[in-house]
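**Q** My questions will all concern the structure given below.
Just so you know, all these numbers are worked out from the coordinates, no wet-lab data involved. Predicted, not measured: the structure shown is a model, and the values here were computed from it. Cβ placement follows ideal geometry from the backbone for every residue including glycine, while neighbour counts extend to all protein chains displayed.
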Amino acid sequence: MTSNPLPDAVDLLLEATVAGSFSRLGYEVRRRLEDWEDPPAGALAGRRILLTGATSGIGRAATGQLLDLGAEVLVVGRDEQRTIKAVAELGVAHPNGTVSAHIADLADLGAVRKMADELVAFGAPFDAIVHNAGALLADKTMTVDGIETTLAVHLISPHLLTERLMPLLRPLARVVWVTSGGMYSQGLDVDHLEMDEADYKGATQYARAKRAQVELLGLWAERLAPTAVVHAMHPGWADTPGVEKGLPTFRKLTGPALRTPDQGADTLVWLLWAEEPATTTARLWLDRRPRSTTRLPGTGTTDEERAHLWEWVAGATRVPESP
């Protein structure tokens, strides 16, 4: 990315405040001032992309944009009827690409293994994997595998899915985690990653899971090199069904400042077609620029804690031995 003093200065001013950077204002100012490049027609023609959580919100908006660029998108959803309906609607609205439905509840590691094994058996390679599915819950719930649901959906299932699909990644493939600016509020403490039921707060557990996603980027980059590059992006404040349901007070207070799902999806889609993201790896992005992974004192992470996190997540993905 070519440095330009005025956009760089304005970006720094926006980034100095959460509201200025994460809101619709930040998106609109950066897009106009930096004269963002539009993708060329057919930029993703022939590219095969797996995207989780695409029946609504940012995932659905991103799928539509990817289809418009000619991609083949495999949409992963947990609700069969809802996923099939969304895929049918997306196919009609965006006929330049092809879209298919694949059913797996990311709160069920057995279902994730089954879907991944079916994809591997089919054998068609992937150009990208996008981990977008999310869960922000008011109360603590546990999965069938005995894992807190937020951690299972955001952290453990994406880890398992990436690991299982590694043999299918084409050279220069891109693996992207859709994280959240909420992760800036939390440091990484693996031994207290899962909140106790008595102290459980859905937004805090969500932020901890998102922090953990970002802290694994470097280790995944090492694991996937030189075949694939690894990135995370956060969409800023976007008006999605997840925000409406999980953060109703926040949505009420910030409504006019929220980005549309399409605006929230822009950097995600850019990471899949632009040249710059292929030349680097293990970065966190917002509005087409790499960002720091910390904003608050005391939220930095050591290499030892990252290694501890990797072992914890890897252990959670292992199939228990039969008695």
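**Q** So who's got an amide H within less than 5 Å of the one on VAL99, skipping anything under 5 residues away but keeping other chains? H placed 1.01 Å off N, in plane.
**A** VAL73
**Q** Just to confirm the filter: which trypsin sites (Lys or Arg not before Pro) across the range 248-323 are DSSP coil and have at most 11 other Cβ within 10 angstrom of their Cβ?
**A** Answer by residue number: ARG318.
**Q** Out of the DSSP beta bridges found with both residues in the range 46-317, what percent are antiparallel (nearest 5)?
**A** 10
**Q** Going highest first, how would you order 155-162, 16-23 by mean Cβ packing within 10 Å?
**A** So the peptides 155-162, 16-23, ranked by packing, come out 155-162, 16-23.
**Q** Another one. Taking the Kirkwood radius as the inverse of the mean 1/r across Cα pairs, report the Rg/Rh of the chain.
**A** Result: Rg/Rh = 0.94.
**Q** State the extension gain, in nm to one decimal, for the chain segment bounded by THR17 and ALA41, taking 0.36 nm per residue of separation less the distance between their alpha-carbons.
**A** 5.1 nm
**Q** For the range 91-97, just list the computed ³J(HN,Hα) in residue order, Karplus coefficients 6.51, -1.76 and 1.60, θ = phi - 60°, integers in Hz, with x standing in for Gly and Pro.
**A** x, 6, 6, 9, x, 6, x
**Q** Projected onto the charge dipole of the chain (+1 at Lys/Arg Cβ, -1 at Asp/Glu Cβ, origin at the Cα centre), which of GLY42, LEU193, LEU160 gives the Cα projection farthest towards the positive end?
**A** After comparing all options, I get GLY42.
**Q** With each run of n ≥ 4 DSSP H residues scored as -39500 (n - 2.57), what mean residue ellipticity at 222 nm is computed for the chain after dividing by its residue count and rounding to the nearest 500 deg cm²/dmol?
**A** -13000 deg cm²/dmol, from helical runs alone.
**Q** Follow-up question, since we're still on this one. Which of PHE122, LEU69, THR83 sits farthest toward the positive end of the charge dipole of the chain, with +1 on the Cβ of Lys and Arg and -1 on the Cβ of Asp and Glu?
**A** LEU69
**Q** So which GluC sites (Glu not before Pro) in the range 279-323 pass both tests, a DSSP loop state and at most 12 other Cβ atoms within 10 Å of the Cβ?
**A** Filter output for the range 279-323: GLU321.
**Q** In whole angstrom, how far apart do the alpha carbon centroids of the range 72-105 and the range 175-206 sit?
**A** If we compute the Cα centre of each part, the gap is 29 Å.
**Q** If you average the alpha carbon positions of the range 208-286 and of the range 106-171, how far apart do those two centres end up, in angstrom?
**A** 17
**Q** Run the dipole for the range 46-317 about the Cα centre, Lys and Arg Cβ at +1, Asp and Glu Cβ at -1, nothing else charged, and hand back the magnitude in debye, nearest 20.
**A** Result for the range 46-317 is approximately 740 debye, rounded to the nearest 20.
**Q** Also: Ordered by residue, what ³J(HN,Hα) values in Hz, to whole numbers, does the range 105-121 give under the Karplus form 6.51 cos²θ - 1.76 cosθ + 1.60, where θ = phi - 60° and Gly and Pro are x?
**A** With the stated coefficients, the range 105-121 comes to 7, 6, 8, 10, 5, x, 5, 5, 4, 4, 5, 4, 5, 5, 5, 5, 5 Hz.
**Q** For GLY42, enumerate residues with amide H under 5 Å from its amide H, sequence gap 5+ or separate chain, H modeled in the peptide plane.
**A** Excluding prolines and chain starts, which carry no amide H, there are no hits.
**Q** Taking the highest mean first, how do the peptides 228-238, 272-282 order by number of other beta carbon atoms within 10 angstrom per residue?
**A** Put in order of decreasing packing, that is 228-238, 272-282.
**Q** With Cβ to Cβ distances under 10 Å as the rule, what net charge do the other residues near GLU305 carry (K, R +1; D, E -1)?
**A** After counting each charged neighbour, the total is -4.
**Q** Could I ask something else about it? Tell me the GluC sites (Glu not before Pro) within the range 142-200 that lie in a loop according to DSSP and have at most 14 other beta-carbon atoms within 10 Å.
**A** Within the range 142-200, the qualifying GluC sites (Glu not before Pro) (loop, at most 14 other Cβ atoms within 10 Å) are GLU197.
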